[in-house]
């Protein structure tokens, strides 16, 4: 269950990073809504990370949380914000995902 909370927390990290990107692209009320989404996602992500670290080692939990957030944010950047998707970006994204899976496999 704690691993599931950690993955969900990482997905909310993707949410708050994406909201920042959208807030940067907009102005006025729309930007304020995106910033509201940022704060909601940030709060949920932190609460879930806290809950997951009650049972999981902090170093592993934090690495997985940031890894899920980083990998997800790269994917959102490619698909939503039209960032480049060259070979090396995808190669290192793959190694990041493999590292997250590796941490899960070797952790208890």
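FYI, it's all coordinate maths here, none of it is from the lab. Just so it is clear, the structure is predicted and the values come from calculations on it, not from any experiment. Cβ placement follows ideal geometry from the backbone for every residue including glycine, while neighbour counts extend to all protein chains displayed.
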Worksheet item: Calculated from DSSP H runs of 4 or more alone, at -39500 (n - 2.57) each and per residue, what is the 222 nm mean residue ellipticity of the chain, nearest 500?
Response: -29500 deg cm²/dmol
Worksheet, complete the sentence: In degrees, nearest 10, the alpha-carbon axis of helix 58-79 is tilted away from the dominant principal axis of the alpha carbons of the chain by 40
Discussion item. I'd like the orientation of helix 28-52 relative to the chain: the angle between its Cα long axis and the longest Cα principal axis, in ° from 0 to 90, rounded to 10.
Written reply: 10
Fill in: Value in Å of the Kirkwood radius, where the range 51-108 supplies the Cα pairs that are averaged
12.3
Practice prompt. Compute the length gained on full extension between residue 99 and residue 24: take 0.36 nm times their separation in residues and subtract their Cα-Cα distance, giving the result in nm to one decimal.
Written response: 23.9 nm
Item to complete: Go ahead and set up a Gaussian network model of the chain, Cα springs under 10 Å, then flag whichever of 33, 50, 62 fluctuates most.
Response: 33
Item to complete: Using Cα pairs closer than 8 Å and at least 6 residues apart in sequence, work out the relative contact order for the chain, in percent.
Response: 33
Discussion item. Sort 82, 24, 104, 51 by Cβ crowding within 10 Å, fewest neighbours at the top.
Written reply: 82, 24, 104, 51
Worksheet item: Angle, helix 2-25 long axis vs. longest principal axis of the chain, Cα atoms, 0 to 90°, nearest 10?
Response: 20
Worksheet item: When 80, 64, 106 are ordered from fewest to most other Cβ atoms inside 10 Å of their Cβ, what list results?
Response: 106, 80, 64
